[in-house]
């Protein structure tokens, strides 16, 4: 039987369908979250870690593992799945970094050195600014935090952000993101003092 549900079906609805074993819903969830999470992960990893294992594969593995256990996940509100998936990807990244640290040194790299430099986010705004950003982000209300992370770190469109935050329209999501960014800027100013 063909599936005639719209592509814009809410994340909450897709999660409910996936809980019931609907493979199409699971595929749509994966498609909806894979690209933004890849962008988010690339911005968080230092260069040497990105080179060690393809970030795309790492994120996809984390999502597949998480979605296999989706029936054990309780989505309680707007942005909850997004936050849960981000944490799952972060945990998967940490596990991979631990594995790398335990690997024996192979020896000479024939002039190739591992770049232990900063992540792209740290390069763009500096380590102290990243710390101020993280501290300010932690002081925001959960919905504000999700709006900032969804829009800035994950690159969600306003339509995607509306779905993630449970907003009725892209315009409502745009306004929520704008308010959250203004509050974040104030918090970062107070952290810088």
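The values are calculated or read from the model by the stated rules, or taken from the named source; none is laboratory data. Only a predicted model underlies this, so the values are computations on that prediction, with no experimental measurement involved. We place every Cβ from the backbone using ideal geometry, glycine too, and count neighbours over all the protein chains shown.
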Practice problem: Report the residue count in the range 161-175 for those that are assigned to a loop (DSSP other than H, G, I, E, B) and crowded, with 21+ Cβ neighbours inside 10 Å. | Solution: 1
Self-check item: Residue match in the range 109-132 (condition: at pLDDT below 80 and under 21 Å from residue 9 (Cα atoms))
Solution: no
Quiz item: Pick from 53, 96: which is surrounded by 11 or more Cβ atoms within 10 Å (Cβ to Cβ) and at pLDDT below 70?
Solution: 53
Exercise. From the list 60, 87, 65, pick out the single residue that is modelled with pLDDT of 80 or more and out of contact with any helix residue (DSSP H, G or I) (no Cβ under 8 Å at 6 or more places or on another chain).
Key: 87
Self-check item: Enumeration of residues in the range 149-160 that are surrounded by 21 or more Cβ atoms within 10 Å (Cβ to Cβ) and within 18 Å of residue 183 (Cα to Cα)
Solution: 149, 150, 151
